[in-house]
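Below is one structure, written out as structure tokens; comments come after it.
The values are calculated or read from the model by the stated rules, or taken from the named source; none is laboratory data. Owing to the predicted nature of the structure, the values given are computational and were not obtained by experimental measurement. Don't worry about glycine lacking a Cβ; one is built from the backbone with ideal geometry, like all the others, and counts go over all protein chains shown. Note: accessible area is taken over every heavy atom of the protein model, side chains too, but ligands, DNA and RNA are not part of it. Shrake-Rupley method; radii C 1.70, N 1.55, O 1.52, S 1.80 Å.
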Amino acid sequence: MRIRLTLLVSLILSITSIVPSAAADRFALVIGNANYPDADAPLKEPINDARDIADELKRDGFYCRHGENLNGEAMRRAFDRLYGHVKPGTVALIFFSGFGIQSNRQSYMITGRCADMD
């Protein structure tokens, strides 16, 4: 799993480095949801993955908001804050680790049990 995460971080950072350095506004929203009401136990990787990605993005100059086990309302507020920063020339990156589903070519992130946003 660590190898896949390292490759993912490398890919993200290589893609964002293509953007000209003049685009100083670089924002990221990183969410890890591990606690789900109907699950027998929390997922093992989402929290660590989200923390690792957030740390790497911060080192690469992103203003990064990191949330763990966000419920629906907390996720909406987090996205609204991110959208408030986006303007022409802004680099915006979203990373989500947790459960998701797809229906009729539409993807959905499944929210967690509680809200905690740093």
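Keeping every protein chain in place, order Leu29, Leu93 by accessible area at 1.4 Å, biggest value first, i.e. largest first.
On the way: Leu29 0, Leu93 25 Å².
Greatest to least solvent exposure: Leu93, Leu29.
Assuming a ≥ b ≥ c are the square roots of the Cα gyration tensor eigenvalues, decide whether the stretch 57-99 counts as rounded (a/c under 1.5), prolate (otherwise, with a/b larger than b/c) or oblate. Oblate is the answer for the stretch 57-99, as a/c is 1.5 or above yet b/c matches or exceeds a/b.
Sequence-ordered 3J(HN,Hα) estimates for the stretch 72-87 from the Karplus curve with 6.51, -1.76 and 1.60 and θ = phi - 60° stand at x, 5, 5, 5, 4, 4, 5, 5, 4, 4, 4, 4, x, 8, 7, 8 Hz, glycine and proline given as x.
The simple spin-label model puts a point 7 Å past each Cα toward its Cβ; for Asp80 and Asp40 those points are separated by 3.9 nm.
Spin-label pair Lys58-Ile101: with each label point 7 Å from Cα along the Cα-Cβ axis, the two points sit 3.4 nm from one another.
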